[in-house]
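Novice: Below are the structure tokens for one structure; questions will follow.
The values are calculated or read from the model by the stated rules, or taken from the named source; none is laboratory data. The shown structure was predicted, so the numbers you read here are calculated from the model rather than taken from an experiment. Cβ sites come from the backbone with ideal geometry, for glycine too, and all protein chains shown count toward neighbours. Heavy atoms of the whole protein, side chains included, go into the accessibility calculation; ligands, DNA and RNA do not. Shrake-Rupley method; radii C 1.70, N 1.55, O 1.52, S 1.80 Å.
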Amino acid sequence: MNSIHTKHIEALTKANQEIAAKQEQIKNSRYRLNYHFMAPTGWINDPNGLVFYNGEYHLFYQFYPYASSWGPMHWGHAKSTDLVNWKHMPVALAPSESYDAGEGVPGYGCFSGSAVVNNDELVLIYTGHVDGKTPMQVQNIATSTDGVNFEKFENNPVIDNFPEHATHDFRDPKVWQYEDKWYMVVGTKKDGKGKAVLYVSEDLKNWEYKGVAAESNGTQGDMWECPDLFPINDRHVLLVSPMYGTQNEKPFYVIGDMDYDKGVFTQDVYKTLDYGSDFYAPQTLIDDKGRRIMIGWMEKWLTKMPSQEYGWAGAMTIARELVLEGDIMKQKPVDELEELRTGYKQLDAFEFTEIKTINDQQESVSEVIIDVNVNDTNASKFGIQLRCSKDGEERTEIMVDFENKEIVMDRERSGVGEKGTSKAPFVVKENGTLNLRIFMDTTSLELFVNGGEQVITNRIFPDETSKRFNLVSQGGKVSINTLESWKLNSIWK
Ligand code: DQQ
């Protein structure tokens, strides 16, 4: 066995032992979610290497098993046949080599990247990061024939330095196949602009630099993390997680066109991907049904993470299918999530003014769909109060402001955790309705407006006893066509 392999196996074994020692205790610890993906213990951030391989979905993720805060990055691994139920797998990558491990430096590891299927092999492409090293970030590959055990390539790095249009922040390779070649975008920055630089390869090992595929127009961030560029319908879409200085901001998408000969993506329509505060570093895969599926990290850098006190931090969003309709890319929770539904309740058309309590003991883990008859509503605002305490002091509010055509998710009184508001614009549908679909888990809320035209994702940390569910109106009558709800089963029990 070569030395790369031996050192890597040692690092993986240690990480897997840590998980085995802690996972039972973490399973029942506070704030755990019921149907969202979480690591068995410790810290997670970005989803990595999303791929459909041999009939199964694979999710890798930035992982530090030894503490509930960020540390030397490993790649955790899980798989699924339905994008809903996930099975934890052994850790796939651990820092072990001079290009992804360091001693006595604050940060190093196997940073974010992607996965592709090449013939029968599963290939991971990732950034090796070592603080203070020159160059600090290089691109590497690791392969597997069984989808479980990964060997780092002996001639890593496959890209050993940043190109002329980049700087030492040069990370998060996303690889895809187009016609008979492999393409890779890597996130970087130069001259105050975030950029995605492009490489091309025939074998995933030798990469030729093509140039800048896309860059900030001056307002789209000075560092681009986790770029993902993919064909959809007859266009291409670019996802970016931008940084402004040291601040990570809301990921955006750009609809445009890719010229593979020139290696240039032309930006056409630019939009916020998710208006919430707990959504970052999303990545996509394409499955055997041709669906483009996206999963994001359901937390964000530099925010309060109350679960850290209980030995874990970080989760993934539910899987969302991306559907391009003209100038809008909708995010549709994957159909498979309906497997979780139980205990259906429905209210037919009704009207109310001021306040209407729907449920004193609303299931905290549930899906709610509300169809609002806007044509028949004369209130200026319609609010949904979730996870409310009996005295109403604690609550999370989703407020539809009909005058300003804005939806506000307000966490000022949500409990512990971050406060503040998230705002998204909305457009009333042609038939005069507004459709709100809410996925609630123990400590998260994902709101899909009008079939996923806009999305707001936030973590909330209310008291377990805060369960009241009210509707409120301001300045008149609200007319509801239907209100449906389901309790959602746990995937972890
Ligand atoms: N997280 C990784 C980086 C990436 C960042 C490090 C985005 O590769 O740029 O854990 O959240």
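Novice: Suppose the filter is among the charged types (D, E, K, R) and under 19 Å from the mean Cα position of the chain (by Cα); does residue 234 pass it?
Specialist: When the stated conditions are applied, residue 234 does not pass them.
Novice: Go over the candidates 92, 78 one by one and state the one that is in contact with a His (Cβ under 6 Å, 6 or more places away or on another chain), away from the ligand (no atom under 16 Å from the Cβ) and either of a type in the set (Phe, Trp, Tyr) or open to solvent by less than 10 Å² (accessible area, probe 1.4 Å) (or both). Spell out how you get there, then give the answer.
Specialist: On the way: 92 fails: away from the ligand (no atom under 16 Å from the Cβ).
It is 78.
Quick grid of which residues meet (1) at negative phi; (2) assigned to a strand (DSSP E or B); (3) crowded, with 19+ Cβ neighbours inside 10 Å:
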site	(1), (2), (3)
174	yes, yes, yes
199	yes, yes, yes
213	yes, yes, yes
218	no, no, no
221	no, no, yes
231	yes, yes, no
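Novice: Can you name the residue in segment 54-70 that is in a strand (DSSP E or B) and open to solvent by less than 10 Å² (accessible area, probe 1.4 Å) and is also farthest from residue 115 (Cα to Cα) among such residues?
Specialist: First, the residues of segment 54-70 that are in a strand (DSSP E or B): 56-64.
Then keep just the ones that are open to solvent by less than 10 Å² (accessible area, probe 1.4 Å); that gives 57-63.
On the way: 57: 11, 58: 9, 59: 10, 60: 9, 61: 11, 62: 14, 63: 16 Å.
Ranking the candidates gives 63 first.
Novice: When you look at residue 282, is it part of a strand (DSSP E or B), in contact (Cβ under 8 Å) with a residue 24 or more places away in the chain, farther than 25 Å from residue 58 by Cβ and of a type outside the set (A, V, I, L, M, F, W, C), yes or no?
Specialist: Values: part of a strand (DSSP E or B): yes; in contact (Cβ under 8 Å) with a residue 24 or more places away in the chain: yes; farther than 25 Å from residue 58 by Cβ: no; of a type outside the set (A, V, I, L, M, F, W, C): yes.
No; evaluated as a whole, the condition is false for this residue.
Novice: What number of residues in segment 150-209 are within 16 Å of the ligand (Cβ to nearest atom) and either touching a helix residue (DSSP H, G or I) at 6+ places or on another chain (Cβ under 6 Å) or not assigned by TED's automatic domain parsing to the domain that holds residue 282 (or both)?
Specialist: Count: 0.
Novice: Quick one: count up the residues across segment 156-193 that are among the small types (Gly, Ala, Ser) and either within 19 Å of residue 61 (Cα to Cα) or in contact with a Leu (Cβ under 9 Å, 6 or more places away or on another chain) (or both).
Specialist: We begin by selecting, within segment 156-193, every residue among the small types (Gly, Ala, Ser); these are 166, 187, 192.
Next cut, either within 19 Å of residue 61 (Cα to Cα) or in contact with a Leu (Cβ under 9 Å, 6 or more places away or on another chain) (or both) only: 187.
Summing the residues that are among the small types (Gly, Ala, Ser) and either within 19 Å of residue 61 (Cα to Cα) or in contact with a Leu (Cβ under 9 Å, 6 or more places away or on another chain) (or both) in segment 156-193 gives 1.
Novice: State the number of residues belonging to segment 216-246 that are in contact (Cβ under 8 Å) with a residue 24 or more places away in the chain and either closer than 21 Å to residue 178 by Cα or within 13 Å of the ligand (Cβ to nearest atom) (or both). Outline the logic, then answer.
Specialist: Here is the first cut: in segment 216-246, the ones in contact (Cβ under 8 Å) with a residue 24 or more places away in the chain are 216-218, 220-233, 235-243.
From what's left, either closer than 21 Å to residue 178 by Cα or within 13 Å of the ligand (Cβ to nearest atom) (or both): 221, 223-233, 235-243.
Adding up the residues that qualify gives 21.
Novice: Identify the single condition in (1) within 16 Å of residue 456 (Cβ to Cβ); (2) among the charged types (D, E, K, R); (3) without any contact (Cβ under 8 Å) to a residue 60 or more places away in the chain that residue 403 does not satisfy, given that it satisfies every other one.
Specialist: Exception for residue 403: condition (1).
Novice: Assess whether residue 8 counts as being under 22 Å from residue 137 (Cβ atoms), part of a helix (DSSP H, G or I) and open to solvent by less than 50 Å² (accessible area, probe 1.4 Å). Working first, answer last.
Specialist: On the way: under 22 Å from residue 137 (Cβ atoms): yes; part of a helix (DSSP H, G or I): yes; open to solvent by less than 50 Å² (accessible area, probe 1.4 Å): yes.
Here the answer is yes, as residue 8 does meet what is asked.
Novice: Moving to a separate point now. Only one of these is out of contact with any Leu (no Cβ under 9 Å at 6 or more places or on another chain), part of a strand (DSSP E or B) and of a type outside the set (Lys, Arg): 470, 481. Name it.
Specialist: Working: 470 fails: out of contact with any Leu (no Cβ under 9 Å at 6 or more places or on another chain).
Answer to the check: 481.
Novice: Name every residue in segment 100-118 that is out of contact with any Phe, Trp or Tyr (no Cβ under 6 Å at 6 or more places or on another chain), at pLDDT 95 or above and more than 14 Å from the ligand (Cβ to nearest atom), in order of residue number. Don't jump to the end; show me each part of the working.
Specialist: Restricting attention to segment 100-118, the residues satisfying the condition of being out of contact with any Phe, Trp or Tyr (no Cβ under 6 Å at 6 or more places or on another chain) are 100, 103-109, 111-112, 114-116, 118.
Then drop every residue that is not at pLDDT 95 or above, which leaves 100, 107-109, 111-112, 114-116, 118.
Scanning segment 100-118 gives 115, 116, 118.
Novice: For residues that are within 14 Å of the ligand (Cβ to nearest atom) and part of a strand (DSSP E or B), scanning just segment 247-275, find the one that is farthest from the chain's Cα centre (by Cα).
Specialist: Among those that are within 14 Å of the ligand (Cβ to nearest atom) and part of a strand (DSSP E or B), it is 247.
Novice: So in segment 393-437, with the set limited to residues that are surrounded by 20 or more Cβ atoms within 10 Å (Cβ to Cβ) and aliphatic (A, V, I, L, M), which one is farthest from residue 479 (Cα to Cα)?
Specialist: 409
Novice: Taking the conditions exactly as written (at pLDDT 95 or above, closer than 25 Å to residue 133 by Cβ and either in the same structural domain as residue 464 (by TED's automatic domain parsing) or under 25 Å from the mean Cα position of the chain (by Cα) (or both)), does residue 33 satisfy them or not?
Specialist: Numbers: at pLDDT 95 or above: yes; closer than 25 Å to residue 133 by Cβ: no; either in the same structural domain as residue 464 (by TED's automatic domain parsing) or under 25 Å from the mean Cα position of the chain (by Cα) (or both): yes.
Answer is no for this residue.
Novice: Just checking, does segment 108-122 include any residue being of a type outside the set (S, T, N, Q) and without any contact (Cβ under 8 Å) to a residue 24 or more places away in the chain?
Specialist: First, pick out the residues of segment 108-122 that are of a type outside the set (S, T, N, Q): 108-111, 113, 115-117, 120-122.
Pick out the ones that are also without any contact (Cβ under 8 Å) to a residue 24 or more places away in the chain and you get none.
There is no residue in segment 108-122 that is of a type outside the set (S, T, N, Q) and without any contact (Cβ under 8 Å) to a residue 24 or more places away in the chain.
Novice: Continuing with this model, one more query. Considering only residues of segment 276-314 that are open to solvent by less than 40 Å² (accessible area, probe 1.4 Å) and hydroxyl-bearing (Ser, Thr, Tyr), which is nearest to the ligand (Cβ to nearest atom)? Break it down stepwise before answering.
Specialist: If we filter segment 276-314 for residues that are open to solvent by less than 40 Å² (accessible area, probe 1.4 Å), which is where we start, we get 276-285, 287, 291-300, 303, 305-307, 311-314.
From the residues that got through so far, the ones that are hydroxyl-bearing (Ser, Thr, Tyr) too are 277, 280, 284, 303, 307.
Details: 277: 14, 280: 6, 284: 16, 303: 12, 307: 18 Å.
Looking at residues that are open to solvent by less than 40 Å² (accessible area, probe 1.4 Å) and hydroxyl-bearing (Ser, Thr, Tyr), I get 280.
Novice: Further question on the same structure: Residues that are modelled with pLDDT of 95 or more, part of a loop (DSSP other than H, G, I, E, B) and closer than 30 Å to residue 79 by Cα: does segment 385-408 have at least one?
Specialist: Going through segment 385-408, the residues modelled with pLDDT of 95 or more turn out to be 385-389, 393-408.
Then drop every residue that is not part of a loop (DSSP other than H, G, I, E, B), which leaves 389, 393-395, 402-405.
If we keep only those that are closer than 30 Å to residue 79 by Cα as well, we get none.
No: zero hits.
Novice: Of all residues in segment 39-53, which are within 16 Å of the ligand (Cβ to nearest atom) and not in a loop (DSSP other than H, G, I, E, B)?
Specialist: Applying the first criterion (within 16 Å of the ligand (Cβ to nearest atom)) to segment 39-53 yields 39, 42-50.
Passing the criteria: 42, 43, 44, 45, 46, 47, 48, 49, 50.
Novice: Tell me which of these residue 391 doesn't satisfy, since it passes every other one: (1) without any contact (Cβ under 8 Å) to a residue 60 or more places away in the chain; (2) under 29 Å from the mean Cα position of the chain (by Cα); (3) over 23 Å from residue 33 (Cβ atoms).
Specialist: The number of the failed condition is (2).
Novice: For residue 97, which of the numbered conditions (1) open to solvent by less than 30 Å² (accessible area, probe 1.4 Å); (2) closer than 23 Å to residue 287 by Cβ; (3) away from the ligand (no atom under 16 Å from the Cβ) fails to hold?
Specialist: With respect to (1) open to solvent by less than 30 Å² (accessible area, probe 1.4 Å); (2) closer than 23 Å to residue 287 by Cβ; (3) away from the ligand (no atom under 16 Å from the Cβ), residue 97 is out only on (2).
Novice: For residue 153, are the conditions met, namely being without any contact (Cβ under 8 Å) to a residue 60 or more places away in the chain, buried (at least 19 other Cβ atoms within 10 Å of the Cβ) and either in contact with a Pro (Cβ under 7 Å, 6 or more places away or on another chain) or within 30 Å of residue 16 (Cβ to Cβ) (or both)? Break it down stepwise before answering.
Specialist: Working: without any contact (Cβ under 8 Å) to a residue 60 or more places away in the chain: yes; buried (at least 19 other Cβ atoms within 10 Å of the Cβ): no; either in contact with a Pro (Cβ under 7 Å, 6 or more places away or on another chain) or within 30 Å of residue 16 (Cβ to Cβ) (or both): yes.
So residue 153 fails the test.
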